[in-house]
Structures are given as structure tokens and as C-alpha cells.
1. Quick one: count up the residues across segment 1-26 that are part of a helix (DSSP H, G or I) and either at positive phi or crowded, with 21+ Cβ neighbours inside 10 Å (or both).
2. Out of all the residues in segment 49-60, which are surrounded by fewer than 21 Cβ atoms within 10 Å (Cβ to Cβ) and either of a type outside the set (Gly, Ala, Ser) or within 18 Å of LYS30 (Cβ to Cβ) (or both)?
3. Restricting attention to segment 1-60, which residues are modelled with pLDDT under 95, under 18 Å from SER161 (Cβ atoms) and acidic (Asp, Glu)?
4. Pairs please, first residue from segment 87-106 and closer than 13 Å to ALA210 by Cα, second anywhere and basic (Lys, Arg) and modelled with pLDDT under 90, Cβ atoms under 6 Å, 6+ apart in sequence or on different chains.
5. Assuming ALA87 fulfils every condition listed in (1) more than 17 Å from the chain's Cα centre (by Cα); (2) at pLDDT 90 or above; (3) not assigned by TED's automatic domain parsing to the domain that holds VAL42 apart from one, which condition is it?
6. Against the condition among the polar types (S, T, N, Q), part of a loop (DSSP other than H, G, I, E, B) and not assigned by TED's automatic domain parsing to the domain that holds ASP39, how does GLN243 come out, does it pass?
7. Among residues belonging to segment 142-191 that are in contact with a Ser or Thr (Cβ under 8 Å, 6 or more places away or on another chain) and assigned to a strand (DSSP E or B), point out the one that is nearest to ASP35 (Cα to Cα).
8. Just one of TYR173, TYR139 is at pLDDT 95 or above and within 30 Å of ARG88 (Cα to Cα); which is it?
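The values are calculated or read from the model by the stated rules, or taken from the named source; none is laboratory data. Because the structure is a prediction, the values reported are computed rather than measured. As a convention, Cβ positions derive from the backbone with ideal geometry for all residues, glycine included, and neighbour counts pool all protein chains shown.
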Amino acid sequence: MLGFPLPYRDELLYSTIARHGVHSGIISPKELLQDVYGDTRVIATSDLPGHLNRIAALYPEKAGITPCDLLYHNTLFPLYAFFMGEARRIALIRELTANGKSSVHLTSGAAASRVKQPEYLRYCPGCIKKQLHKFGESYWRRDWQVVGADSCPIHGNLIDSDIRRHDVHRHQYTPLNAETSIQAEQRPGCWQSDLIAQSIRELLNLKQIAVPELVQWGYWYKKPAADHQLNRGSQVHHEQVEQKVIAFW
């Protein structure tokens, strides 16, 4: 496709598609879906979008953009990939890059997780100013959309927009602009949130590699428990671990 925008660093693919709608003057959500996917039934998904083969095919071959590039650089997939085991990681990559209906939120464990993601898309007013100065437009960053990482380490707390992550308008791709960003005072973030935000950025930018199996994670977690005398033989005192974690955070 001529003129489909390249994603910015750490931009959600959802945001890239929304910007394409703005650049092309497309107002109708269904028209945008038809233009991008050739299918008006695709659901606008911000965190783990599918149909990545189709998106990658919109770019000229010289751009060198692959479906896996989009998956690892412009979605929240890396947050889940490292902790699900290699077989499931490969299966989800196949599912998300394919051009069919996806059940990835169930398969990845995101739907059943006790850690619920933010209800609304979030943004950093300070970062938006930098984006506008550098690029002449603003965009949704993926590291703004992770629960616990509720602040930008540079500018302060993130602000909820009025755009729901899972909107009632299921086919709508909404760009980040003056109409969708609520004017609000940005207060300094707490150190806990800033620390999580820094760790999230590191995790999101890990290269695509084979991941540890779940049993390996079990062995890994037992070592710090033993280092802090929170075990008895091979048994970990989980209540004491919980107390330590809560006391730190």
C-alpha cells in the first residue's frame, strides 16, 4: 500500500493504523478496516492484535518489516512471551501473524489474569509535547498501557484518556490527538511506578529469543527465596515471600 505509515518506536500498531486513517482522510471505521485489512469484521485491538501478515504486506519489501517485527516492536506481546514457555510462544506467534480470528487473549492467559490492565488508553502529556515537536503528530506508546507502570519516569503520572481499551465501538481505531487527550495536571510519579516503568521498557525491548520453560522459572524463583532464608529444604515459605514483596512495594 502506498503511504501506509511506518510505526514509531514503541508505538502501538493500533495507533499506526489510526494515524493512517487520519493521513488518508478516512472517517468511517469500516472503510479504514477495508483499506487496511480488506475485511470489515476485524476488531480494533490495542494490546495483542492479529492479522500481522496483512499489515506487514502493506509495506514495500525494501522496508524489511516482518510480521514478527511488528509483534515484538509494536504490541504488548513481549510482556507475555517470556513467561509462557517456548511451545506456547511459537503457537501464539503463528496465531497472531495469521489472517484469521484469534483467541490469543485466552491462550496467553491475559483474559484470566488477576492483574487487570488499565480500562482506558493512557498517555503522558510531557511525551506528547516531545512527539509533536519532533514528528508533528502524537501517537499511543505501548509502555503507557501496562498496569503498575502508571508513570513516565521523566515527566510524571500517566493520564487516562476517554478511549476504552475494549471500546463498545469494536471496529474504531482512535488516534491520539487534542480531542482524545484530556487536559489534566501531570503530577510526579512514585518511585515504585517509575521502577516498574523502567523494567517494563526493558522487557518490551528484549529481542526475539527462545524463552525459559515454566519449570525453569520455578527453579529461578527458588534461589532468591533460599538466599533470603525463606525456605525449608525444597519448600518455599510463600506467606513470608508475600510479606517481603508487600513490604518492598
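1. The initial filter retains those residues of segment 1-26 that are part of a helix (DSSP H, G or I), namely 13-24.
Within this subset, residues satisfying the condition of being either at positive phi or crowded, with 21+ Cβ neighbours inside 10 Å (or both) are 13-19, 21.
Count: 8.
2. The answer is ASN53, ARG54, LEU58, TYR59, PRO60.
3. ASP47
4. none
5. Among (1) more than 17 Å from the chain's Cα centre (by Cα); (2) at pLDDT 90 or above; (3) not assigned by TED's automatic domain parsing to the domain that holds VAL42, ALA87 violates only (3).
6. Values: among the polar types (S, T, N, Q): yes; part of a loop (DSSP other than H, G, I, E, B): no; not assigned by TED's automatic domain parsing to the domain that holds ASP39: yes.
Criteria not met by GLN243.
7. ILE163
8. Values: TYR139 fails: within 30 Å of ARG88 (Cα to Cα).
Matching residue, one of TYR173, TYR139: TYR173.
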